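What follows is one structure encoded as structure tokens, with my remarks underneath.
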Amino acid sequence: SDMVARQCNDTFALRSHKIDQVPTTPEEITQVVAHLLDECWKKEMCPPASMVIVVKGVDSCWADLKPVVALEVSPGERQGTWWDVYNDQGYSASLDKKKTVSIRCNSISYDDIINPYAPVRKTKIVCTMGPKCWDEENMGKLLDAGMNIARFNFSHGSHEAHFEVLERYRKVLEAKKSSAACLLDTKGPEIRTAMLKDHQNIELEKGQEIIVEAVGDRYTEFEGYKNETETRIGLSYSKLCQSVTVGNRILIADGTIVLEVKEIVSDTVLKSIVLNSQKLGERKNCNLPGVKVDIPVLTEKDVEDLQNFCVKHKMDYVAASFVQSGADVDFIRKTLDDAGGQNVKIISKIENEAGLENID
């Protein structure tokens with residue numbers, strides 16, 4: 001199906017090619033193999049008239065149960081032996097070089113990567129759709145340059161705006177006969193700093209004390225400040241004081257500001273020390289190293305985005321932000337399945353220590 005072809009775009013070294021119907025007779029299988037060999041040669045995935053390994057089933061095209069490995073010759077003409085052509089055109093790997101071996105595929109070296117005649121690219125490319133590239137012309141250029149998956153960032157924009165881009169994208173795919181996929185990236189349960197008085201940045205100084213208040217959903221209304229007696233800021237994580245302990249660190253604005261917890265004052269207030277001098281702004285992202293954050297992996301907005309956009313418009317992938325456990329993935333799967341999105345694949349984004357610890 002079209003979706004299966006598109007969803008091959010996330011797998012290292014896999015290149016999909018859609019056929020009209022599944023071959024059932026030996027003659028039909030032979031015709032399909034010949035067609036695929038022709039495509040490989042035309043797309044420079046192998047040299048002309050070279051030996052190609054073909055894997056198929058004993059009595060069918062499916063190689064899952066009883067695979068048969070055969071050697072076929074790709075189309076085209078060559079001069080000299082196959083090995084001479086292979087070396088002359090630069091396809092030969094430098095066998096004496098140190099290689100990095102992939103569990104899934106093959107060995108690769110730096111010389112292989114930079115070789116202009118190296119085999120077809122195996123790594124996949126994901127491109128974010130933004131204002132500078134979401135017109136049809138630039139989408140076409142991205143596809144021509146090798147884009148495999150278009151990423152739609154749902155931290156920004158409305159459903160209506162994203163749908164307009166998705167329609168243009170699919171129009172370009174059809175024109176170029178491309179099977180590139182599309183991906184919805186969720187906003188996720190972010191922790192952010194609250195607003196500041198008069199929207200003015202606060203100058204934090206190394207060694208100063210700062211009061212941090214867990215304001216939860218009020219972070220867009222709360223106003224932090226710095227005066228002669230104290231500095232007070234808010235964070236959107238309502239369970240902050242229940243999650244951290246004395247000695248934990250709070251990283252703000254991609255870690256450019258570091259606070260160390262000195263005292264838990266109440267269920268919503270703690271005191272900390274600033275470890276480096278830096279300006280603090282509004283809505284800056286926060287991270288709590290070593291702390292399992294007690295926030296659902298999907299917010300109400302995320303559920304709405306998945307069920308009423310991703311599933312509704314038959315997108316191929318979901319990139320789930322801030323996944324911490326297998327239970328998070330199960331919850332995302334159920335959210336998709338409840339809306340009929342059984343075919344949507346989930347990509348877990350590992351963005352904290354809990355996710356790394358539970359990666360298996």
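The values are calculated or read from the model by the stated rules, or taken from the named source; none is laboratory data. Computed from a prediction, not measured in an experiment: that's the story for all the values here. Here the Cβ positions follow ideal geometry from the backbone for every residue, glycine too, while neighbour counts run over all protein chains shown. These area figures cover heavy atoms from the full protein model, side chains too; ligands, DNA and RNA do not enter into them. Shrake-Rupley method; radii C 1.70, N 1.55, O 1.52, S 1.80 Å.
Overview of values
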quantity	calculated
Criterion (open to solvent by 40 Å² or more (accessible area, probe 1.4 Å) and under 19 Å from I191 (Cβ atoms)) met by exactly one of L298, L275, L280	L275
Any hit, region 262-280, residues being part of a loop (DSSP other than H, G, I, E, B), out of contact with any His (no Cβ under 8 Å at 6 or more places or on another chain) and within 30 Å of K345 (Cα to Cα)	no
Selection count where residues are touching a residue at least 40 places away in the same chain (Cβ under 8 Å) and touching a Leu at 6+ places or on another chain (Cβ under 6 Å), scope region 262-285	5
Which numbered condition E203 fails, given (1) part of a helix (DSSP H, G or I); (2) farther than 29 Å from L14 by Cβ	(1)
Considering residues of region 233-255 that are hydroxyl-bearing (S, T, Y) and in a loop (DSSP other than H, G, I, E, B) only, the residue nearest to V265 (Cα to Cα)	T245
Any hit, region 283-291, residues being of a type in the set (V, I, T), more than 23 Å from A194 (Cβ to Cβ) and open to solvent by less than 80 Å² (accessible area, probe 1.4 Å)	no
Enumeration of residues in region 301-326 that are among the charged types (D, E, K, R) and either over 20 Å from T11 (Cβ atoms) or open to solvent by 10 Å² or more (accessible area, probe 1.4 Å) (or both)	K301, D302, E304, D305, K312, K314
Residue that is farthest from V126 (Cα to Cα) [pool: residues in region 1-57 that are of a type in the set (K, R) and surrounded by 13 or more Cβ atoms within 10 Å (Cβ to Cβ)]	K56
Condition broken by F163, with the remaining ones in (1) at pLDDT 90 or above; (2) surrounded by fewer than 12 Cβ atoms within 10 Å (Cβ to Cβ) satisfied	(2)
Verdict on F309 being on the phi > 0 side of the Ramachandran plot and touching a residue at least 60 places away in the same chain (Cβ under 8 Å)	no
Set D330, D338: member being on the phi < 0 side of the Ramachandran plot and free of Cβ contacts under 8 Å to residues at least 12 places away in the same chain	D330
Residue in region 262-271 that is closer than 29 Å to D328 by Cα, open to solvent by less than 30 Å² (accessible area, probe 1.4 Å) and not hydroxyl-bearing (S, T, Y) present	yes
In region 307-326, the residues that are assigned to a helix (DSSP H, G or I) and either among the charged types (D, E, K, R) or at pLDDT 95 or above (or both)	Q307, N308, F309, C310
